[in-house]
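One structure is given below, encoded as structure tokens.
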Amino acid sequence: MSNLSQSHRMLFLNTLAFTICFACWTLNGVLVTFLVDRGIFNWSVVEVGWLLGIPILSGAIFRLPIGILTDKFGGKIIYSALLFLCAIPLFLLPYANSFWSFAVLSFLFGLVGTSFAVGIAYTSVWYPKNWQGRALGIFGMGNAGAAITTFVAPTLLNYFSKEDAVNGWKMLPVSYAIVLVCIGLVFVVFTKNKKPEGESKNLKTLLTPLKSARVWRFGVYYFLVFGCFVAYSQWLLPNFMNVYHTTLVMGGMFATMFSLPGGVVRALGGYLSDKYGARQVMYWVLGSTMAISFLLMFPKMELFTSGPGIMANNAGVVSKVSEHGLVLNGNDYSIKPRVDGVLTDASVLPVKTSWQEIIVKENQTVKKKELLAKGVTQIKFSANMWVYVILVVLIGISWGIGKAAVYKHIPEYFPNEVGVVGGMVGLIGGLGGFFGPIIFSYLLNFTGLWTSSWLFIFVISTICLLWMHNTIIKILRKKNPDFSREIEHINH
């Protein structure tokens, strides 16, 4: 078997394992929403946010040590152990009967999220530099595992709950645990262990790259494109159910429309990063994120404000008032009546209507320029569901490309520390998946708006874009000061 064909086989198995791991990692998004919706557990919005984020936290904070272990012992050993160990808390989850027991077991099975750090290191050692962008992009398609959960899990939950509405859900985590064990066995039998070439390094040497500001900058980018992707993979389901009143299955399908393209397109992101450069790709990703999140910030709303009213031309006494107007000093004042049903939810853009309401009575004495009928303007924005879905899919695709662009740099700058650097960047990114649902839940409680989460995305993407652009400008000025002076001279 040629080296390349063996590498492809390892890549396929690595991607398969990561896909299943990612599906398990985002399990709580569907499961917790189902349990609350059915009244099996009476958790608050904030408690739900914590339960969505806790597995992401454990999967994030342990990526660095898992990445170090992968560089030291090889991907096959670490990956196999991870798959078997994370199945245990999933087998135990049906016995959870409180918030805290559910939270502890969620933290433990969330360790399956460290599979990303293992997979990045294990994939990169099988490919030369000119192939690594594509290989890591293909591996990253395992993010589509979130789509498997949002698409399949709601249907499975409904099926399991037909016979037993209260305890049927317990079969879902058990099913996921069985799949993890099966993939673990496949990994043990069909993969080959391999570590980065070079001398074995102590912990201090391995952690040296973390002093580089570049690592932390990549981590912040990944906080947005990966962490927030994971957060929304779970957050979108309750979002659709509450705002658009979808069923669990339909909401899961819409969440899948976000997760699946965002995961699959990562391979395209690797190709684009190889061809055009990761920095250029990141400009596009961050710019599009700002634009789309700005559009998504506007909530479904109905506003009433003051409109054009009618004032008295002269002082006098109101002699007649009717639904069509009034008479003052023998002069007729017609009003614009309210017409119901003018504004519908079918409109894509905000729509408005205006009318007038008489505020004076018969035989009332009024002064010149006194208000006779107040104007009312109604503005309605239905936040059309299909437009919302399209925008959400587009931002998911953008983040999928961005994930590959961020990781394209790691094997180039840190070829012998891919595990530790990839683990650190993944840790920071994973924290986005942890803090995301929690921040979203607190914003929802504070503002009462489901779209408040997109304001957070807009702010983070703006910070990332400004930071990246400022870094590039500094590098240009340092590397080519004469060119910088010429530009400043031209601008003046």
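The values are calculated or read from the model by the stated rules, or taken from the named source; none is laboratory data. This structure is a prediction, so every number in the text was calculated from the model and none was measured. Positions of Cβ are generated from backbone atoms using ideal geometry, with glycine treated the same way; all protein chains shown enter the neighbour counts. Areas reflect the complete protein model, heavy atoms only, side chains present, ligands, DNA and RNA absent. Shrake-Rupley method; radii C 1.70, N 1.55, O 1.52, S 1.80 Å.
Looking only at segment 346-380, how many residues end up being surrounded by 12 or more Cβ atoms within 10 Å (Cβ to Cβ) and either over 41 Å from the mean Cα position of the chain (by Cα) or free of Cβ contacts under 8 Å to residues at least 60 places away in the same chain (or both)?
Step one: filter segment 346-380 for residues surrounded by 12 or more Cβ atoms within 10 Å (Cβ to Cβ), giving 347, 350-360, 362, 364, 366, 370-380.
Imposing the further condition that a residue be either over 41 Å from the mean Cα position of the chain (by Cα) or free of Cβ contacts under 8 Å to residues at least 60 places away in the same chain (or both) reduces the set to 347, 350-360, 362, 364, 366, 370-375.
Here the count works out to 21.
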- Item | Candidate set from segment 127-150 (those that are under 14 Å from Pro261 (Cβ atoms) and among the polar types (S, T, N, Q)); member that is modelled with the lowest pLDDT | Asn143
- Selection from segment 91-110 of residues surrounded by 22 or more Cβ atoms within 10 Å (Cβ to Cβ) and either outside any helix (DSSP H, G or I) or not aromatic (Phe, Trp, Tyr) (or both) yields Leu93, Leu105, Ser106, Gly110
- Task: Only residues that are among the aromatic types (Phe, Trp, Tyr), within 13 Å of the chain's Cα centre (by Cα) and surrounded by fewer than 20 Cβ atoms within 10 Å (Cβ to Cβ): list them for segment 426-474, please.
- Result: Phe456, Phe458
- Task: Please verify whether segment 83-90 includes one or more residues that are open to solvent by less than 50 Å² (accessible area, probe 1.4 Å), in a helix (DSSP H, G or I) and farther than 25 Å from Gly432 by Cβ.
- Result: yes
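Does Thr256 meet the test of being within 22 Å of Ile460 (Cβ to Cβ), modelled with pLDDT of 85 or more and in contact with a helix residue (DSSP H, G or I) (Cβ under 8 Å, 6 or more places away or on another chain)?
Numbers: within 22 Å of Ile460 (Cβ to Cβ): no; modelled with pLDDT of 85 or more: yes; in contact with a helix residue (DSSP H, G or I) (Cβ under 8 Å, 6 or more places away or on another chain): yes.
For Thr256, the condition - within 22 Å of Ile460 (Cβ to Cβ), modelled with pLDDT of 85 or more and in contact with a helix residue (DSSP H, G or I) (Cβ under 8 Å, 6 or more places away or on another chain) - is not met.
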- Name the residue, out of Leu52, Leu64, Leu90, Leu35, that is in contact with a Pro (Cβ under 7 Å, 6 or more places away or on another chain) and more than 15 Å from Ala177 (Cα to Cα). Leu52
- Look at Thr247 and say whether it is open to solvent by 30 Å² or more (accessible area, probe 1.4 Å) and modelled with pLDDT under 85. no
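Conditions (1) open to solvent by 10 Å² or more (accessible area, probe 1.4 Å); (2) of a type in the set (Lys, Arg); (3) in contact with a strand residue (DSSP E or B) (Cβ under 9 Å, 6 or more places away or on another chain); (4) modelled with pLDDT of 90 or more, marked per residue:
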position: His8; (1), (2), (3), (4): yes, no, no, no
position: Thr15; (1), (2), (3), (4): yes, no, no, no
position: Trp25; (1), (2), (3), (4): no, no, no, no
position: Gly29; (1), (2), (3), (4): no, no, no, no
position: Leu35; (1), (2), (3), (4): no, no, no, yes
position: Phe41; (1), (2), (3), (4): yes, no, no, yes
position: Val46; (1), (2), (3), (4): yes, no, no, no
position: Leu52; (1), (2), (3), (4): no, no, no, no
- Note on the structure: Per the filter on segment 311-330, residues more than 16 Å from Val376 (Cβ to Cβ), outside any loop (DSSP other than H, G, I, E, B) and open to solvent by 80 Å² or more (accessible area, probe 1.4 Å) are Lys320
- Task: State whether the residues of segment 277-295 include one that is modelled with pLDDT of 85 or more, open to solvent by 70 Å² or more (accessible area, probe 1.4 Å), within 15 Å of the chain's Cα centre (by Cα) and more than 24 Å from Ala147 (Cα to Cα).
- Result: yes
- Item | Filter result for Ala383 (under 30 Å from Pro337 (Cβ atoms), of a type in the set (A, V, I, L, M), touching a Lys or Arg at 6+ places or on another chain (Cβ under 6 Å) and at pLDDT below 90) | yes
